């Protein structure tokens, strides 16, 4: 066989094997025997061994072909992967529908099961799988292509017609219940720690450096959304249910347990059905996702900072169990808050073992009449945070005792202070070691300064050795100090040093968020960074200037002002600036053509996604808001604009079509 014959034969075998993978793993309807499949696979391997230059990315032989990775490189998502807001009952669901239909009128919705796994994005070029990534922070994920290739239901090459030139789809990778049970049984036999639940097992499996380990975990996936499409001329997908059908025709595994609904009662009927039948499924589900079906309506509805306004997750009620409250311990947070935490007899709740639960504060313990030694009813609030619902008073035997909040901080001994009107007691000592630990942990987190490798164990050791007494000390650590840390060799030292150095160039908003100012989350930090432009301007801002900032109320303004009035906080900022951290928001003068201008986007743009248009405006100093008001300068109008267009006309606000919008971006007003 010469190379031309081999190339044709290999191509035919790849196409047949990919098709039979689809029949077996996606449709669960094989049309050939395992023996016939194995024979074709063996023949393809022999050809590729003889002619290695014929190996292609879509070859079934390459599902476990990547060598172990040293690290996962970052992947920028073409369209942001957002999380979902949650509702927990019919009343909250109806409120969501009312908000949507107040703007868009009566709509149809698609209801899908919410798989409890790990969000992923898959990218295809000319129909061939080229990259897979985790959700990450929604904007940037991690490259896990080699691990995703091991999932048999993932198509390496798409089939059918009208395949886009570039395609990104979103889905959920998960570990089936049986695979989870088998994995934990094997780990138990080997004396290894067990995974808490299938979701954690799936996420851990996807982040294995060696794809061969991932392949042994038997993961699966389901695709639920089109993310980005380019180069699919002549085919218009106007509705989500059409997108699901197109994904299925291309060969993606798509969950067939979805329905269209047009009312809250129809949606609740689907939710109630699967709440009762969830145990019959081969995978874990924790709710139902309700999505607006019309893609044009989705564009008009837009999104908040974190979640789309056109979708919601109805979470199933949490499973409840009874267990014993052994004791209550006090944890000190980064703001000094003393939080009581229940220590429980371990109990399986909602698929994971629970041994601790939040008690919020002393007043909450009194209100619920909880005592140490009680038998208590426990559930997972939103199936995430374990919480005590109530004590089982009937089971008390007199040995229970009242909880008393300590009058001194358990970490540093400082006298505890409970501000008037607040329910939370606080340690006032900014140098409290417990506060410092939590502060550094927050500072190093992905949403803040993203110092990879600086986890709880490393932070604890740095503090115990006296190397770190403030956040600023991270930037003066020496190699000699790092080499004294447990298991730190050349590579670990170099990696942590590189990560700390990289954190110096994070955006100003990340630095503001990392400081841990009370009431200042990631979104508020972005607002402050854009409004004041530099740390110097922010620290000198008056209470009035802060309150006049859009989205900043009196509580946030007072908290920010109080933070900058503390001398030790100012000293910390000076140390960080001396260490070389970025203290200014970077807006290049040559493209800041839209500074101070407010935009609203409405309708579907043909050459831009909503996220791309928003990024183009904000990168030039402009601001995108969700509603039209007299403060709006321009309304960018696409196809099928909604009420925002009419309101702009009523108020005499200038509207722009797509060509005018692009000219404004290039030339300015």
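A few comments on the model shown:
One line per residue, one yes/no per condition, for (1) crowded, with 17+ Cβ neighbours inside 10 Å; (2) in contact with a strand residue (DSSP E or B) (Cβ under 7 Å, 6 or more places away or on another chain); (3) part of a strand (DSSP E or B); (4) assigned by TED's automatic domain parsing to the domain that holds residue 123:
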{"position": "223", "(1), (2), (3), (4)": "yes, yes, yes, yes"}
{"position": "226", "(1), (2), (3), (4)": "yes, yes, yes, yes"}
{"position": "232", "(1), (2), (3), (4)": "no, no, no, yes"}
{"position": "251", "(1), (2), (3), (4)": "yes, no, no, yes"}
{"position": "256", "(1), (2), (3), (4)": "no, no, no, yes"}
{"position": "260", "(1), (2), (3), (4)": "no, yes, yes, yes"}
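- Scanning segment 526-544 for residues that are more than 12 Å from residue 557 (Cβ to Cβ) and outside any loop (DSSP other than H, G, I, E, B) gives 526, 529, 530, 532, 534, 535, 536, 537, 539.
- Residue within segment 644-663 that is farther than 14 Å from residue 302 by Cβ, over 29 Å from the mean Cα position of the chain (by Cα), in a strand (DSSP E or B) and touching a residue at least 60 places away in the same chain (Cβ under 8 Å) present: no
- For residue 366: the one exception among (1) over 30 Å from residue 142 (Cα atoms); (2) touching a residue at least 24 places away in the same chain (Cβ under 8 Å): (2)
- Residues located in segment 43-55, provided they are under 20 Å from residue 130 (Cα atoms) and surrounded by 15 or more Cβ atoms within 10 Å (Cβ to Cβ): 48, 54, 55
- Residue check, residue 146 on the phi > 0 side of the Ramachandran plot and surrounded by 15 or more Cβ atoms within 10 Å (Cβ to Cβ): no
- The residue of segment 461-483 that is nearest to residue 574 (Cα to Cα), among those that are without any contact (Cβ under 8 Å) to a residue 24 or more places away in the chain and not in a helix (DSSP H, G or I), is 477.
- Residue check for residue 446: touching a helix residue (DSSP H, G or I) at 6+ places or on another chain (Cβ under 8 Å), part of a loop (DSSP other than H, G, I, E, B) and assigned by TED's automatic domain parsing to the domain that holds residue 486: no
- The residues of segment 233-260 that are over 19 Å from residue 296 (Cβ atoms) and touching a helix residue (DSSP H, G or I) at 6+ places or on another chain (Cβ under 9 Å), listed by number, are 248, 251, 252, 253, 254, 255, 256, 257, 258, 259.
- When segment 449-460 is filtered for residues that are surrounded by 20 or more Cβ atoms within 10 Å (Cβ to Cβ) and either touching a helix residue (DSSP H, G or I) at 6+ places or on another chain (Cβ under 7 Å) or not in a helix (DSSP H, G or I) (or both), the ones remaining, listed by number, are 449, 451, 454, 459.
- Contact annotation: residue pairs with Cβ atoms under 6 Å, 6 or more positions apart or on different chains, pairing a residue in segment 536-547 that is without any contact (Cβ under 8 Å) to a residue 24 or more places away in the chain with a partner that is surrounded by 13 or more Cβ atoms within 10 Å (Cβ to Cβ) and not in a helix (DSSP H, G or I), are 546/552.
- Residue 96 part of a loop (DSSP other than H, G, I, E, B) and either at pLDDT 95 or above or out of contact with any helix residue (DSSP H, G or I) (no Cβ under 8 Å at 6 or more places or on another chain) (or both): no
- Taking (1) under 29 Å from residue 346 (Cβ atoms); (2) surrounded by 15 or more Cβ atoms within 10 Å (Cβ to Cβ); (3) without any contact (Cβ under 8 Å) to a residue 40 or more places away in the chain in turn, residue 198 satisfies each apart from (3).
- Complete set of residues in segment 89-144 that are touching a strand residue (DSSP E or B) at 6+ places or on another chain (Cβ under 9 Å), free of Cβ contacts under 8 Å to residues at least 24 places away in the same chain and closer than 24 Å to residue 270 by Cβ: 89, 92, 95
- Residue within segment 274-282 that is closer than 29 Å to residue 77 by Cβ and assigned to a strand (DSSP E or B) present: no
- Here segment 517-542 is the region considered, the condition is being under 25 Å from residue 473 (Cα atoms) and under 20 Å from the mean Cα position of the chain (by Cα), and the residue that is surrounded by the most Cβ atoms within 10 Å (Cβ to Cβ) is 525.
- Pairs, first over 24 Å from residue 578 (Cβ atoms) in segment 489-502, second surrounded by 12 or more Cβ atoms within 10 Å (Cβ to Cβ), C-beta under 7 Å, six or more apart: 495/453
- Filter result (crowded, with 17+ Cβ neighbours inside 10 Å, at pLDDT below 85, within 27 Å of residue 540 (Cα to Cα) and in contact with a helix residue (DSSP H, G or I) (Cβ under 7 Å, 6 or more places away or on another chain)) within segment 580-626: 585, 620
- Of 561, 518, all but one fail to be outside any helix (DSSP H, G or I), outside the structural domain of residue 441 (by TED's automatic domain parsing) and in contact with a helix residue (DSSP H, G or I) (Cβ under 6 Å, 6 or more places away or on another chain); the exception is 518.
- For segment 642-655, residues that are more than 18 Å from residue 611 (Cβ to Cβ) and either assigned by TED's automatic domain parsing to the domain that holds residue 303 or buried (at least 17 other Cβ atoms within 10 Å of the Cβ) (or both) total 6.
- With respect to being in a loop (DSSP other than H, G, I, E, B), touching a residue at least 12 places away in the same chain (Cβ under 8 Å) and more than 30 Å from the chain's Cα centre (by Cα), residue 621 falls outside the description.
- Taking the criterion of being surrounded by 19 or more Cβ atoms within 10 Å (Cβ to Cβ) and either in a strand (DSSP E or B) or free of Cβ contacts under 8 Å to residues at least 12 places away in the same chain (or both), the residues of segment 208-221 that qualify are 220, 221.
The values are calculated or read from the model by the stated rules, or taken from the named source; none is laboratory data. Computed from a predicted structure; not experimentally measured. Don't worry about glycine lacking a Cβ; one is built from the backbone with ideal geometry, like all the others, and counts go over all protein chains shown.
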